Amino acid sequence: MSSNMEVDIKTWTAGTANTRALQRYRTNDPKLWAKLDRIKQSLDSLCKQDEAPTKEQMRQIIDDIVYKEVEAEKKESIKKAKEAEEKANKMTLNKYIDEFIKQITNGTRITNRGTRYSLGTVKAIKTCLKQFKAYQAKKKKELDFDDITMPFYYDFMAYLNSRDYNINSAGKIVKELKAIMAAAEADGHHHNTIYKNVKFKGNRVEVDTIYLTKEELDAMMKADISALEPAAAQARDIFMVGVWTAQRVSDYNNITRDAIHTTKKHWIEEIPDPEHEGETIPTIRTKEITYIDIIQKKTGAKVSIPCKKELLEILEKYDYNLPHLEDQTINRLIKQVAEKAGITQPVTIETSNGGVKKKETFPKYKLVMSHTARCTGATLMYLAGIDAYDIIKITGHGDIDILKKYIKADHLDVVQKLTDKYDYFD
């Protein structure tokens, strides 16, 4: 009676040629021989019964052993294939990160304000999430949504500190990871809410920065920078536009002629009547006002900035089409310009590196960067006596507390401001 099992005839002939060959065959194909052994044992038991087994009974035994196991193997194979397919199609944290970056880059995912992510923001997110993947590589483990726990947070922060990330940089990385987790939860990919824990946060400290005085700005404009690379002059001009607009590079780098407006202000002023002593004559006065309208990329806020003559001179120099330089290039060159201008006095600031705060002293020019322009603009307006509420209408800050972080006037600056504005101290 056939077992309905198929084997290679040459392998079978060679494997059953002698006892040693049979032992090797049984070792090399244990599943085949396990079935054959069960068939033999079942048939032997059937034959030991009082009545002689029928052909149908023996056929049933063989089929039960052979086909049931084949069916079980088939089901297991289907199950494994389904699990493999589900695993391949399952959205994991790393897959989501890649998809998220792809979407914000091509514009298929927009911000909560309904705008596209700026190139600067996309670049920052890519940089931050790159460190999350580097952490996984170091741990030799791929993390998924449910792995984002408090123990992970503490270990991840320790990892960033070990790589000498300052508190703000490490905090920004954690902030972007939290944003990814929030977006993935909103999209229905996980239910892990540990990332919302108040202790799971991107820490931030107020970092000491500087501002430049009017005298230092004048020195930079007058400095002989002919020995520097040609782009240094462009970097200086771009920086000065940042000072006189108090905007971010991404905002003032895109000023066009269409953004410049001129209006006239009319008012009546009483002036002394030359023909009648003690009397006045109403006279119409006119003043021309030039201003720039800017839609800030980061906030979407519209700000209008009165133009100083220094600002207009630079814009006219480039026919209202400022050259574009990368932030890194501006930061590198503006330091060189500041050094040429003699801005070398020592400045002590508080820094943070590897999670540790410390005070360090640098020549002032080494601290000048593109962001210094915005801080300088806000500080000079403050020292000129402009009301803080009017300043935020220009800078676009959400409230006074945020603006305060940009005003870098020291105690002596404030004393001079007070004595200039009020005669109380005379």
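The values are calculated or read from the model by the stated rules, or taken from the named source; none is laboratory data. What you are looking at is a predicted structure, and each value in this text was computed from that prediction instead of being measured. Cβ placement follows ideal geometry from the backbone for every residue including glycine, while neighbour counts extend to all protein chains displayed.
Output the residue which, of all residues in the stretch 287-307 that are of a type in the set (Ser, Thr, Tyr) and not in a loop (DSSP other than H, G, I, E, B), is surrounded by the fewest Cβ atoms within 10 Å (Cβ to Cβ).
For the stretch 287-307, the residue satisfying everything is Ser304.
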Residues within the stretch 18-66 that are surrounded by 11 or more Cβ atoms within 10 Å (Cβ to Cβ) and touching a residue at least 24 places away in the same chain (Cβ under 8 Å), tallied: 11
Which listed residue is part of a helix (DSSP H, G or I), touching a residue at least 24 places away in the same chain (Cβ under 8 Å), surrounded by 17 or more Cβ atoms within 10 Å (Cβ to Cβ) and within 32 Å of the chain's Cα centre (by Cα), from Ile210, Ile238: Ile238
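Going residue by residue through the stretch 243-250, is there one that turns out to be within 15 Å of Tyr320 (Cβ to Cβ), surrounded by 10 or more Cβ atoms within 10 Å (Cβ to Cβ) and either aliphatic (A, V, I, L, M) or modelled with pLDDT of 85 or more (or both)?
Here is the first cut: in the stretch 243-250, the residues within 15 Å of Tyr320 (Cβ to Cβ) are 244-245.
Adding the requirement that they be surrounded by 10 or more Cβ atoms within 10 Å (Cβ to Cβ) leaves 244-245.
Remaining after also requiring either aliphatic (A, V, I, L, M) or modelled with pLDDT of 85 or more (or both): 244-245.
Yes, the conditions are met somewhere in the stretch 243-250.
How many residues does the stretch 149-173 contain that are within 16 Å of Ala134 (Cβ to Cβ) and in contact with a helix residue (DSSP H, G or I) (Cβ under 9 Å, 6 or more places away or on another chain)?
Step one: list which residues in the stretch 149-173 are within 16 Å of Ala134 (Cβ to Cβ), which gives 152, 155-165, 169-170, 172-173.
If we keep only those that are in contact with a helix residue (DSSP H, G or I) (Cβ under 9 Å, 6 or more places away or on another chain) too, we end up with 152, 155-157, 159-161, 163, 165, 169-170, 172-173.
Total satisfying the criteria: 13.
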Search result, residues across the stretch 111-132 that are of a type outside the set (S, T, N, Q), surrounded by fewer than 14 Cβ atoms within 10 Å (Cβ to Cβ) and either under 14 Å from the mean Cα position of the chain (by Cα) or over 19 Å from Ala182 (Cβ atoms) (or both): Leu119, Lys123, Lys130
The stretch 182-207 - residue that is part of a loop (DSSP other than H, G, I, E, B) and of a type in the set (Asp, Glu) and, of those, nearest to Asp155 (Cα to Cα): Glu206
Entirely in the stretch 308-426, the helices (runs of 4 or more DSSP H) that have 1 or more residues that are at pLDDT 90 or above, of a type in the set (A, V, I, L, M, F, W, C) and at negative phi: 309-317, 327-340, 370-383
Residue satisfying all of: in the stretch 96-129; part of a loop (DSSP other than H, G, I, E, B) and at pLDDT 90 or above; farthest from Phe145 (Cα to Cα) among these: Gly107
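Return the only residue of Thr263, Thr280 being surrounded by fewer than 11 Cβ atoms within 10 Å (Cβ to Cβ) and either among the hydrophobic types (A, V, I, L, M, F, W, C) or in contact with a strand residue (DSSP E or B) (Cβ under 8 Å, 6 or more places away or on another chain) (or both). Before the answer, list the steps.
Values: Thr280 fails: surrounded by fewer than 11 Cβ atoms within 10 Å (Cβ to Cβ).
Among Thr263, Thr280, only Thr263 is surrounded by fewer than 11 Cβ atoms within 10 Å (Cβ to Cβ) and either among the hydrophobic types (A, V, I, L, M, F, W, C) or in contact with a strand residue (DSSP E or B) (Cβ under 8 Å, 6 or more places away or on another chain) (or both).
Being within 30 Å of Ser118 (Cα to Cα), surrounded by 13 or more Cβ atoms within 10 Å (Cβ to Cβ) and either more than 31 Å from the chain's Cα centre (by Cα) or in the same structural domain as Glu326 (by TED's automatic domain parsing) (or both) narrows it down to one of Ala233, Ala223, so name that one.
Working: Ala223 fails: within 30 Å of Ser118 (Cα to Cα).
Among Ala233, Ala223, only Ala233 is within 30 Å of Ser118 (Cα to Cα), surrounded by 13 or more Cβ atoms within 10 Å (Cβ to Cβ) and either more than 31 Å from the chain's Cα centre (by Cα) or in the same structural domain as Glu326 (by TED's automatic domain parsing) (or both).
Any residue in the stretch 304-315 that is over 19 Å from Asp251 (Cα atoms) and without any contact (Cβ under 8 Å) to a residue 40 or more places away in the chain?
Of the residues in the stretch 304-315, the ones over 19 Å from Asp251 (Cα atoms) are 309.
Right, trim to without any contact (Cβ under 8 Å) to a residue 40 or more places away in the chain and you get 309.
Checked against the condition, which is being over 19 Å from Asp251 (Cα atoms) and without any contact (Cβ under 8 Å) to a residue 40 or more places away in the chain, the stretch 304-315 yields at least one hit.
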